[in-house]
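There's a structure below that I have some questions on.
Just so it is clear, none of the values below were taken in a lab; they were calculated from the coordinates. Only a predicted model underlies this, so the values are computations on that prediction, with no experimental measurement involved. Note that we place each Cβ from the backbone using ideal geometry, even for glycine, and neighbour counts take in every protein chain shown.
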């Protein structure tokens with residue numbers, strides 16, 4: 001039998017020995033100790049680990065590589081103290097949008113997506129600010145780049161009201177326009193509003209748009225050092241009320257680490273009922289969601305890149321393995337079983353949070369794979385090297401093209 005691709009001598013996670021993987025028409029059609037047949041392309045994994053490719057549910061892509069456009073005020077406010085100045089940081093960072101222009105945003109995004117492809121990241125939920133300053137410039141730029149990278153990196157464009165909805169009159173209409181242009185996901189950041197009532201209005205308005213367009217929701221919640229923030233609870237409750245189980249995703253939820261235990265347990269029950277995932281980015285701020293507790297409860301939780309060289313975080317290679325390596329340390333998940341959990345949170349758990357189906361190395365599943373330059377998850381995280389090969393949507397990514 002002829003295959004489009006055969007990967008031979010591959011190690012698979014939690015499966016002894018080496019295996020061959022046959023891919024045809026974008027689908028994994030055969031996994032066997034020895035595939036009898038030939039491939040139009042054959043890859044010898046040489047005993048290296050082959051896994052699902054990497055998934056990033058959270059990247060502010062319209063802002064990548066903008067760190068040097070601003071002074072250090074936003075970074076100092078976001079990272080200072082106990083994140084009490086997070087709202088001030090957002091206000092400081094908004095200055096970059098006064099100069100938004102597709103002429104520099106698009107090249108920055110292309111550079112970032114090429115890095116993603118080289119680093120084995122085939123799926124990204126990409127946020128574009130939509131407000132009175134950014135208008136629709138970021139959304140248009142990301143949609144253009146999404147279409148350019150179709151079949152290489154799957155980009156979901158999030159129409160994101162970074163500066164609020166009640167605080168920014170006219171933003172609701174702009175979000176609708178962004179969805180008309182072709183944005184994929186409705187964003188939100190309710191905690192940025194000034195009152196509980198305004199936070200609820202923010203959530204209600206974004207749900208109304210998501211329902212009208214049949215879109216999923218991604219909201220940044222409780223991203224500050226304030227134990228009184230409750231927008232994660234509001235998001236979970238609204239998800240349940242609307243019957244949108246599994247179609248909401250919460251990002252950051254940093255205030256969670258300050259909640260008392262009885263309230264956290266109540267919140268955990270709500271998250272599980274709503275199948276509401278939490279994306280945590282501990283490397284971009286001093287506080288983070290209770291990732292280990294969410295894992296222990298088998299609640300939906302994963303890791304994201306969040307930022308690449310912008311006003312909130314000055315680093316980032318758009319590499320999920322780098323994110324995994326950093327968070328092994330930040331979360332103190334240094335045992336071998338915990339490293340496996342970290343790896344799940346940048347692959348299969350991230351895909352689950354994004355409501356992606358059949359994202360696994362198994363027959364009849366889409367072929368989104370990486371052939372790592374490593375024999376184990378431990379080694380992959382330790383050295384966080386670029387994969388030897390990335391198969392995206394059933395085709396091997398041309399690395400030479402991505403380096404140009």
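Between 157, 172, 139, which gets the highest mean-square fluctuation from a Gaussian network model of the chain, Cα cutoff 10 Å?
Ranking 157, 172, 139 by mean-square fluctuation puts 172 first.
Also: Go ahead and estimate [θ] at 222 nm for the chain from helices alone: -39,500 (n - 2.57) per DSSP H run with n ≥ 4, summed, over the residue count, rounded to 500.
Mean residue ellipticity, 222 nm, calculated: -10500 deg cm²/dmol.
Additional query: Hey, fewest Cβ within 10 Å first, where do 336, 325 land in order?
Lowest to highest Cβ neighbour count: 336, 325.
Using the number of other C-beta atoms within 10 angstrom as an exposure proxy, rank 95, 230, 14 with the fewest first.
So the residues, fewest neighbours to most, are 14, 95, 230.
Obtain the nm distance between the two label points defined at residue 241 and residue 198 by a simple spin-label model: each point lies 7 Å from its Cα along the Cα-to-C-beta direction.
2.0 nm
Next question, about the same structure. When only C-alpha pairs under 8 Å and at least 6 residues apart count, what is the relative contact order of region 195-291, in percent?
It comes to 28 percent, rounded to a whole number.
With the contact rule set at Cα under 8 Å and sequence spacing of 6 or more, what percent relative contact order holds for region 272-379?
Averaging sequence separation for qualifying contacts and normalising by length gives 23 percent for region 272-379.
Taking R0 as 25 Å, what FRET efficiency do you get between residue 34 and residue 378 from their Cβ-Cβ distance, rounded to the nearest 0.05?
The pair residue 34/residue 378 has a calculated efficiency of 0.40.
Here's another thing I want to ask about it. Taking Rh as the Kirkwood radius, which is the inverse of the mean 1/r over Cα pairs, what is the Rg/Rh value for region 289-335?
1.01
Let me check I have the definition right: for region 23-82, take the eigenvalues of the Cα gyration tensor, multiply each by 5, take square roots. What are those semi-axes in whole Å, largest first?
In descending order the semi-axes read 47, 14, 11 Å.
Quick one: helix 102-118 against the long Cα principal axis of the chain, what's the angle to the nearest 10°, folded into 0 to 90?
40 degrees
Against the longest principal axis of the chain, how steep is helix 320-330, in degrees 0 to 90 to the nearest 10, with axes from Cα atoms?
60 degrees
Follow-up question, since we're still on this one. Compute the convex hull volume of the Cα atoms of region 54-353, divide it by the residue count, and report the result per residue in Å³ as a whole number.
Convex hull volume per residue, Cα atoms: 112 Å³.
What share of the DSSP beta bridges in the chain is antiparallel, in percent to the nearest 5?
35 percent
Take the alpha-carbon centre of region 1-57, take the same for region 183-254, and report the distance between them in whole Å.
40 Å
Right, another one. Do you know the relative contact order of the chain, to the nearest whole percent, from alpha carbon pairs under 8 angstrom that are 6+ apart?
20 percent
How far is the Cα center of region 289-354 from the Cα center of region 76-150, in Å?
20 Å
What does the C-alpha gyration tensor say about the overall shape of region 234-379? Classify as rounded when a/c is under 1.5, otherwise prolate if a/b is larger than b/c, or oblate.
Oblate is the answer for region 234-379, as a/c is 1.5 or above yet b/c matches or exceeds a/b.
Kindly express, to the nearest 10 degrees and within the range 0 to 90, the angle between helix 196-213's C-alpha long axis and the longest C-alpha principal axis of the chain.
50 degrees
Any chance you could run the full-extension gain for residue 147 through residue 41? It's 0.36 nm times the residue separation minus the Cα-Cα distance, nm to one decimal.
35.6 nm
Which of 218, 132, 53 moves the most in a Gaussian network model of the chain with Cα springs under 10 Å?
132
Where is the GNM fluctuation largest for the chain (alpha-carbon springs, 10 angstrom cutoff): 68, 92, 272?
Maximum among the listed residues: 68.
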